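Working notes, structure below.
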Ligand code: SF4
Ligand code: F3S
């Protein structure tokens, strides 16, 4: 099993999750984080830290967001580790209320 970052993180990137991860499993893109499954030890500590409830166990990923499991792997292997909390993105509060954001995901390395 691993944990997966989902659509609600896009354009928010609060990064509270990063600070609690004991294995530094998070990778950072321009407007989203991904979890490297090989580093995730399934501790679930990050889940309750996320203000927009973006992190799920892969077994609990809703069907309509199933593509995020594979997407986390692909992006995590393109992006660099993030090991400390940083400021959220501008307008994170506004984007936290937007449900459909997948088309806004930026995949290039940050
Ligand atoms: Fe890190 Fe634990 Fe979250 Fe995996 S479940 S990303 S190890 S905090
Ligand atoms: Fe994203 Fe939530 Fe972490 S918004 S950066 S998964 S705290």
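Just so you know, the Rg over Rh for segment 14-73 is 0.91, from Cα atoms, with Rh as the Kirkwood radius. Computed from label points 7 Å out along Cα-Cβ, the spacing between residue 41 and residue 93 is 3.7 nm.
Quick one: grab the alpha carbon gyration tensor of segment 71-110, order the square roots of its eigenvalues as a ≥ b ≥ c, and give me rounded if a/c is under 1.5, else prolate or oblate depending on whether a/b is larger than b/c. Oblate, because a/c is 1.5 or more while a/b does not exceed b/c.
In percent, how large is the relative contact order of the chain, given Cα pairs closer than 8 Å and 6 or more residues apart? Write out the running numbers ahead of the final one.
Working: 216 pairs, mean separation 49.6, N = 110.
Relative contact order, the chain: 45 percent.
Under the simplified labelling scheme, the residue 65-residue 20 pair shows an inter-label distance of 1.6 nm, with each label point 7 Å from Cα along Cα→Cβ.
Let's test the formula: R0 of 22 Å, r as the Cβ-Cβ distance of residue 78 and residue 102. What FRET efficiency results, to the nearest 0.05?
On the way: r = 17 Å, r/R0 = 0.78.
Efficiency, rounded to the nearest 0.05: 0.80.
Measuring spread by the Cα atoms of the chain yields a radius of gyration and Dmax of 12.2, 33 Å. Highest mobility in the GNM of the chain, judged by mean-square fluctuation with C-alpha springs under 10 Å and restricted to 41, 100, 82, is found for 100.
Throughout, read-outs are computed from the coordinates displayed, never taken from laboratory work. Because the structure is predicted, anything quoted here is derived from the model rather than measured. With ideal geometry, Cβ positions are generated from the backbone for all residues, glycine too; neighbour counts draw on all protein chains shown.
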